[in-house]
Amino acid sequence: GPLAALAEGASAALLESKQTVAIFESTSAGLVQAALQSVPGASAYTTCGAVTYSSSKAVALLGSDLSAPRPSDAQSYINAKRTLTGRIAKRMRAEVGADWCLSEGGACGPTFNVPDMTAGFTVITVTGPLERSILVKSEHANREENMWGFAKAALDLLEECVKLHASSTPSTSSTETSPFSAVEDRYGGVEIKVESAEAGPIAFERALDQAVATWRAGGKRGLWLKIPLQAAQLVTAARNLSFGLHHAKDGYVMLTRWLPDTPSPLPLFAFTQIGVGGVVVNGKGEVLMVQERVSPTPQFQGSWKLPGGLADPGEDFADTVAREVREETGVETKLVGVVSLRHTHGLRFGVGDLYVLVKLMADSTALTIDRNELLDAKWMSPATIASLVVPPGVSLDGKVSQANGTMINNALTGNLILGTPLPSSRGPRPAMLYTAPPPSPSANL
């Protein structure tokens, strides 16, 4: 029939190359897909397709509205279709995992959306191992004739692309670009990195499954798979192959899989946060106390406490509390020593909390309070602090908790753990070694 004849060349090229195609058409209204599927053996190259007549109404299929504001003249209309067909072809090829994707869109007639257009046109984009885009202009506005003509042009372009790629490639399988790179680590495992956000889930899953089988046969153990967020559509494919989520950051998702039939010893991602509090002492022996504008828990609202906060990546203990004190009160400090550590579990998001108390000497005493963070800040004598300490169960509004009172007393009267910088094997920045020295007068202010 006429459909099979229309697709004869394109279907033969696809079958010869053993490649697949996805079709997303508009003005041809499904004729391209119908023609390809009318040829015997079409299941070998067919993946999926759709008539995306209005991309703004095909959000559920395309993932988002890829259309641009409606143009006001013919040339702008054509340019908009060039952009749209390119976006659809690239996105849906990656989404479907086909070797090729054809996207087509234009206007058939008999009426048009812009006043200076009198004949039909379409823009056809084919993307895959190579990419081509053409503009086809009709001499008339006969709707059905244009639909058949545009479908024929689309199939001809698809055939041309597949044949051109085949003629420039000795063997598709021998030169096929892997969707990921893989490097063996020091522990008998493999570090896998997705290199391109264009990888399609189907092709990716197939390639990864084959690679996993090879690694298992080769006695590999732990697999670490790093997927950039731009290729997040591949996470489900990895999960289908029993990869588990390890962690996620702004730029990537990390998944792991343990190949031996034994419990996995792969290390978990960081599960403990570090908070640092500071006993900041001035030249008069007074301690800096603050009232938070919003306390982490209701029972501490309005209480006087030590300044501090959560550590940022790369900060030493003293860096964290010095930053917090400087940002909230304007006071500059330097480290004297570490007072104590407190380790608790089951906090927000189920993480543990390591609270480090450090003692610092203030280089200045003038207070510039950040009202976005604090209600108030004051220098208090040890005697004033002691008079404000209340036992558990008593309202802390305007008071000092027993725990804070104890920590402050330890900082002022006890021995300190001193920090010593050491060369680090991880880079030029030194590591900090904290050790408790023998008791001596110099250990305290």
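Points to keep in mind about this one:
- Working from Cα pairs under 8 Å separated by at least six residues, relative contact order for region 324-400 is 28 percent.
- Rounded to the nearest 20 debye, the dipole magnitude of region 166-320 is 340 debye, with +1 charges on Lys and Arg beta carbons, -1 on Asp and Glu beta carbons, and the Cα centre as origin.
- At R0 = 56 Å, FRET efficiency that the Cβ-Cβ distance of Glu8 and Arg429 yields, to 0.05: 0.25
- Relative packing of 277-285, 91-99, which averages over residues the other C-beta atoms within 10 Å, highest first: 91-99, 277-285
- Computed label-point distance, nm, for sites Asn113 and Ser76 using a 7 Å Cα→Cβ extension: 1.2 nm
- The distance between label points at Leu164 and His345 comes to 6.3 nm (points 7 Å beyond Cα on the Cα→Cβ vector).
- Nearest-20 debye value, region 318-445 charge dipole, Cβ charges on Lys, Arg, Asp, Glu: 340 debye
- Computed over region 357-445, the alpha-carbon pair-distance distribution with 5 angstrom bins reads 2, 10, 14, 16, 18, 14, 13, 8, 3, 2, each value a whole percent.
- Considering helices alone, the calculated mean residue ellipticity of the chain at 222 nm is -9500 deg cm²/dmol, with DSSP H runs of length four and up weighted by -39500 (n - 2.57) and normalised per residue.
- Charge dipole (Cα centre; +1 on Lys/Arg Cβ, -1 on Asp/Glu Cβ; no other charges) of the chain amounts to roughly 860 debye.
- Dipole of region 101-232 computed with +1 at Lys/Arg Cβ and -1 at Asp/Glu Cβ about the Cα centre; of Phe112, Gly188, Gly149, farthest Cα towards the positive end is Gly188.
- Gyration tensor (alpha-carbon) shape descriptor, region 228-271, a/c threshold 1.5: oblate
- Dividing the convex hull volume of the alpha-carbon atoms in the chain by its residue count gives 233 Å³ per residue.
- Here the peptides 158-164, 254-260 are ranked by packing, the mean other Cβ count within 10 Å, and the order with the highest first is 158-164, 254-260.
- Taken along the Cα-to-beta-carbon direction at a fixed 7 Å, the label points for Asn142 and Arg206 span 4.1 nm.
- Solvent exposure of the chain as accessible area per residue, Å², 1.4 Å probe: 52 Å²
- Set Lys284/Lys305; Lys284/Lys359; Lys305/Lys334; Lys81/Lys163; Lys81/Lys152; Lys193/Lys249 screened for pairs whose C-alpha atoms are more than 22 Å apart: Lys81/Lys163
- In degrees, nearest ten, helix 143-168 long axis to first principal axis of the chain (Cα): 70 degrees
- Surface accessible to a 1.4 Å probe, Trp224 within the full protein complex, Å²: 50 Å²
- Cα-based reach from Lys399 at 14 Å (exclusive), listing aspartates and glutamates while leaving out same-chain residues under 8 positions away: Glu292, Asp376
- Extension gain for the segment Gln402 to Gln273, taken as residue separation times 0.36 nm less the Cα-Cα distance, is 44.1 nm to one decimal.
- Using 0.36 nm per residue and subtracting the Cα-Cα separation, the extra length available between Asp312 and Leu130 on full extension is 61.0 nm.
- For the chain, averaging the sequence separation of C-alpha pairs within contact (under 8 Å, six or more residues apart) and dividing by the residue count gives a relative contact order of 10 percent.
- Cut-off 14 Å between beta-carbons: net charge of the residues surrounding Asp376, Lys and Arg +1, Asp and Glu -1: 0
- Here the chain has 54 percent of its accessible surface on carbon and sulfur atoms, given a 1.4 Å probe and all protein chains in place.
- Legend: calculated FRET efficiency, Glu327 to Glu198, from the Cβ-Cβ distance at R0 = 35 Å, rounded to 0.05, equals 0.25.
- For region 58-166, the calculated P(r), taken from all Cα-Cα distances in 5 Å bins from zero up to the bin holding the longest distance, is 2, 13, 21, 21, 20, 14, 7, 2, 0 percent.
- At q = 0.11, 0.19 Å⁻¹, base-10 log of I(q)/I(0) for region 162-316 (Debye sum, equal scatterers on each alpha carbon): -0.64, -1.17
- Förster radius 41 Å - calculated FRET efficiency between Lys378 and Gln230, Cβ distance, rounded to 0.05: 0.25
- Ordering of 421-434, 192-205, 363-376, 287-300 by packing [mean C-beta count within 10 Å, highest first]: 192-205, 287-300, 363-376, 421-434
The values are calculated or read from the model by the stated rules, or taken from the named source; none is laboratory data. This one's a predicted model, so the numbers in the text were calculated from it and none came from an experiment. Positions of Cβ are generated from backbone atoms using ideal geometry, with glycine treated the same way; all protein chains shown enter the neighbour counts. With ligands, DNA and RNA removed, areas are computed over all heavy atoms of the protein, side chains included. Shrake-Rupley method; radii C 1.70, N 1.55, O 1.52, S 1.80 Å.
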